[in-house]
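> Mind looking over this structure? Questions follow.
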Amino acid sequence: MSAAAPEPHADSLPASQRRARRLLAEPTVRFFIVGALLFVGHRLVVGDSRVIVVTPGVRADAERGFRDTHLRAPTAAELDGELRAWEREEVLYREALRDGLDRHDGTIRTVLADRARARVAVGVAKRAPTEEDLQQWLAAHRSRYELPYRYEYESIAFAKTQPDAAVDAARAEQALRGGADARAIGRTVVGGNLSLEELRDRLGPTLAARIQHAPVGEWQRLEDDKSWWLVRVNTVAGGLLPAAALHEQLVTDWSFAERQRAVDEAVQGIVSRYRIEERR
């Protein structure tokens, strides 16, 4: 096996090669060489950031945008104008990135974060709710779908300070139950269409509670501290939405909330890939 040829002594090399060796031995020179190689490699892989390529896809998007706005195909001059506008916008966009506006402008950061979240949302699978899902959602959010009860009623008062108030009330009740018109009783008929809270304010809590549970369409004789009352509840409105409308709204709301939950979970998965450090 032949011996390797001895490396020539530095003193035997030409002066130009000795200078080149000394330069290469300098750390600063090595740093600039590595930087230049990285710059060239980046240009080869990514391309020059100041070179804008108008691809067929860009032209197609410009033409499509013109059609959507003007409802017709662009002329050659109009398409050229659209492309020039795109080029100017692309230049300004790259200048904004070069100046770091995407990192130092809170509005831009928010827009980009929203776009990233929207991309995550596209990949989230949709799930149809089961009946159990909807019932659990309704139980947790019932107030969203329940209108306040309102009571449309008529009433006639017989003040206890008047002689024979109880007798007059009983006689009037019998007449009304027999089909007499309330206006023929000879007393003021007061009514309204009130919520339970409004009934409490107008008639007091005791009478309001009796009206709340009174049968619809029947005259009832009621009593409080000051009067005898004849009261008829004509209609009660409120409560849960009608079944069909309720089901449709439950599906809509549950689906929206479930999608938000799934997207939040997917975003959190992305966040977990990062290490967060706080510096003070």
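The values are calculated or read from the model by the stated rules, or taken from the named source; none is laboratory data. All values derive from a computational prediction rather than experimental measurement. Positions of Cβ are generated from backbone atoms using ideal geometry, with glycine treated the same way; all protein chains shown enter the neighbour counts.
> Restricted to region 75-113, and to residues that are over 29 Å from Glu63 (Cα atoms) and polar (S, T, N, Q), which residue is surrounded by the most Cβ atoms within 10 Å (Cβ to Cβ)?
By that ranking, first place goes to Thr110.
> What's the total number of residues in region 81-126 that are at pLDDT 90 or above and among the basic types (Lys, Arg)?
Qualifying residue count for the region: 5.
> Something else: Of these, Gln249, Gln268, Gln260, which one is loosely packed, with under 11 Cβ neighbours inside 10 Å, outside the structural domain of Leu176 (by TED's automatic domain parsing) and of a type outside the set (Gly, Ala, Ser)? Explain how you work it out, then say what you get.
Working: Gln249 fails: loosely packed, with under 11 Cβ neighbours inside 10 Å; Gln260 fails: loosely packed, with under 11 Cβ neighbours inside 10 Å.
So the residue among Gln249, Gln268, Gln260 that is loosely packed, with under 11 Cβ neighbours inside 10 Å, outside the structural domain of Leu176 (by TED's automatic domain parsing) and of a type outside the set (Gly, Ala, Ser) is Gln268.
> Need at least 3 residues that are at pLDDT 90 or above, of a type outside the set (Val, Ile, Thr) and in contact with a Gly (Cβ under 9 Å, 6 or more places away or on another chain) per element, so show me which helices (runs of 4 or more DSSP H) inside region 138-221 make the cut, counting only ones lying wholly within it.
Correct list: 196-203.
> It is to be established whether one or more residues within region 143-150 are in contact with an Asp or Glu (Cβ under 9 Å, 6 or more places away or on another chain), more than 30 Å from Val271 (Cα to Cα) and surrounded by 14 or more Cβ atoms within 10 Å (Cβ to Cβ).
Yes, region 143-150 has at least one match.
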